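First up is the structure itself, then whatever we jot down about it.
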Amino acid sequence: MDDEQQRPDHGPLAGFTVGVTAARRADELGALLQRRGAAVLHAPAIRIVPLADDSELLAATKQLIDQAPDVVVATTAIGFRGWVEAADGWGLGEALLERLRAVELLARGPKVKGAVRAAGLTEEWSPASESMAEVLDRLLEEGVDGRRIALQLHGEPLPGFVEALRAGGAEVVGVPVYRWLPPEDLGPVDRLLDAAVSRGVHAVTFTSAPAAASLLSRAEERGLLPELLAALGHDVLPACVGPVTAVPLQAHGVDTVQPERFRLGPLVQLLCQELPARARALPVAGHRLEIRGHAVLIDGELRTVPPAGMSLLRALSRRPGWVVSRAELLRALPGTGRDEHAVETAMARLRTSLGAPKLIQTVVKRGYRLALDPATDAKYTDG
């Protein structure tokens with residue numbers, strides 16, 4: 001076993017594979033995950049139409065310059081900066097800024113506020129919580145009946161936000177600052193879907209609602225939606241950067257985890273807590289055995305294990321201390337072979353990978369068992 005596999009400073013996500021659906025800042029998110037030991041499967045589920053090519057944004061910009069709104073709500077920093085830059089490219093930059101100086105400008109959170117001020121503007125108000133719900137509460141408390149409100153969209157309508165404003169009597173003008181489309185190359189998305197339904201990834205991260213919607217849509221096209229939802233509901237952890245991103249998944253009954261602060265760093269830290277907590281840890285032959293996605297920790301040391309070995313180990317760990325027959329272990333192995341000799345071969349490789357042969361005991365003519373420590377036998381053999 002080489003030093004790399006046995007090194008204790010392996011990172012909290014070592015042994016786990018994480019799917020990344022982001023199109024923007026995917027490299028940054030992937031680097032954060034890899035730095036903490038994860039293997040990363042990148043599958044951009046969307047692509048972004050360049051702003052200067054988007055005729056809808058041009059039309060909305062001209063409309064707002066010609067007919068002043070009462071309120072403009074800026075929802076994302078990249079979107080607001082992109083809007084101003086696109087307007088500059090169309091020769092409308094100064095006219096847009098002049099119009100924005102004369103309206104009530106609300107910025108959702110500190111990053112958006114920074115983008116607003118970088119454009120030479122001053123927001124009238126910004127919530128400390130970065131919550132669109134708080135923005136909505138403020139607008140409704142002020143009264144929106146008869147007011148014209150321009151809303152910079154996230155790429156798709158904000159659920160409930162527009163409806164609540166219109167119910168209050170407002171005219172809402174959407175500003176589609178960037179448009180999401182399915183990726184031109186569906187290969188990576190299909191590979192991620194296949195990995196998710198086969199439990200080859202252990203978490204999937206979502207940083208935008210359109211990416212989540214796109215992945216679900218592609219799964220439906222391929223007839224994999226029920227299998228994907230089952231995986232996300234049990235074995236594969238869906239992690240969203242915030243509540244807006246989670247909406248398409250929640251609409252399908254999928255519970256997600258989200259960090260308290262809607263940023264990439266906190267999202268990665270959340271995975272560093274959640275994934276190790278989901279790993280199975282057992283006291284075996286005087287060692288602490290922790291079974292992760294594609295590796296194990298033995299007394300805190302990382303050991304990579306071949307896929308066949310991981311299949312055997314999971315089968316043994318479902319009933320720790322109990323004998324599992326060769327026939328049952330053969331069924332657990334990838335493929336559909338009938339030769340029980342394949343179990344012996346995979347078991348020999350597994351023991352070599354673990355570096356501690358006594359973890360798994362051979363029970364002559366019966367099969368194999370995890371050598372669960374005697375003090376804990378009762379705990380694991382009741383059920």
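The values are calculated or read from the model by the stated rules, or taken from the named source; none is laboratory data. Note that the coordinates shown come from a computational prediction; the quantities given were computed from them, not determined experimentally. Cβ: placed from backbone, ideal geometry, glycine included. Neighbour counts: every protein chain shown. To get the accessible areas, we keep the full protein, side chains included, count just its heavy atoms, and leave off ligands, DNA and RNA. Shrake-Rupley method; radii C 1.70, N 1.55, O 1.52, S 1.80 Å.
Among the β-branched types (V, I, T), closer than 29 Å to R36 by Cβ and surrounded by 13 or more Cβ atoms within 10 Å (Cβ to Cβ): which single residue out of V284, V324 fits that description?
Being among the β-branched types (V, I, T), closer than 29 Å to R36 by Cβ and surrounded by 13 or more Cβ atoms within 10 Å (Cβ to Cβ) holds for just one of V284, V324, which is V284.
For the range 321-339, check the following and say yes or no: at least one residue is among the hydroxyl-bearing types (S, T, Y), closer than 30 Å to K111 by Cα and modelled with pLDDT of 90 or more.
Looking through the range 321-339, none of the residues is among the hydroxyl-bearing types (S, T, Y), closer than 30 Å to K111 by Cα and modelled with pLDDT of 90 or more.
Those residues that are modelled with pLDDT of 95 or more and either in a loop (DSSP other than H, G, I, E, B) or open to solvent by 70 Å² or more (accessible area, probe 1.4 Å) (or both), I need them from the range 69-89; list them, please.
Hits for the range 69-89 are P69, D70.
If G242 passes every condition in (1) open to solvent by 10 Å² or more (accessible area, probe 1.4 Å); (2) more than 21 Å from H202 (Cβ to Cβ) but one, which one does it miss?
So the condition that G242 fails would be (1).
Inside the range 308-349, can you point out the residues that are in contact with a helix residue (DSSP H, G or I) (Cβ under 9 Å, 6 or more places away or on another chain), within 17 Å of T362 (Cα to Cα) and not in a helix (DSSP H, G or I)?
Listed by number, the residues that qualify are R319, P320, G321, W322, V324, E340.
Residues in the range 350-383 that are touching a Lys or Arg at 6+ places or on another chain (Cβ under 7 Å) and either part of a strand (DSSP E or B) or modelled with pLDDT of 90 or more (or both): how many?
7
So which residues in the range 257-274 are in contact (Cβ under 8 Å) with a residue 40 or more places away in the chain and touching a helix residue (DSSP H, G or I) at 6+ places or on another chain (Cβ under 6 Å), if there are any at all?
Of everything in the range 257-274, those that are in contact (Cβ under 8 Å) with a residue 40 or more places away in the chain and touching a helix residue (DSSP H, G or I) at 6+ places or on another chain (Cβ under 6 Å) turn out to be L264, V268.
Among the residues of the range 45-68, write down those that are in a helix (DSSP H, G or I) and of a type in the set (A, V, I, L, M).
L51, A52, L57, L58, A59, A60, L64, I65
Scan the range 287-300 for residues that are open to solvent by 20 Å² or more (accessible area, probe 1.4 Å) and either in a helix (DSSP H, G or I) or at pLDDT below 90 (or both) and jot them down.
H294, G300 - these are the residues of the range 287-300 that are open to solvent by 20 Å² or more (accessible area, probe 1.4 Å) and either in a helix (DSSP H, G or I) or at pLDDT below 90 (or both).
Report, by residue number, each residue of the range 101-125 that is open to solvent by 30 Å² or more (accessible area, probe 1.4 Å) and under 26 Å from V241 (Cβ atoms).
Hits for the range 101-125 are R108, P110, K111, K113, G114, R117, A118, W125.
Given the structure, is V247 in contact (Cβ under 8 Å) with a residue 24 or more places away in the chain, open to solvent by 40 Å² or more (accessible area, probe 1.4 Å) and of a type outside the set (S, T, N, Q)?
Yes; evaluated as a whole, the condition is true for this residue.
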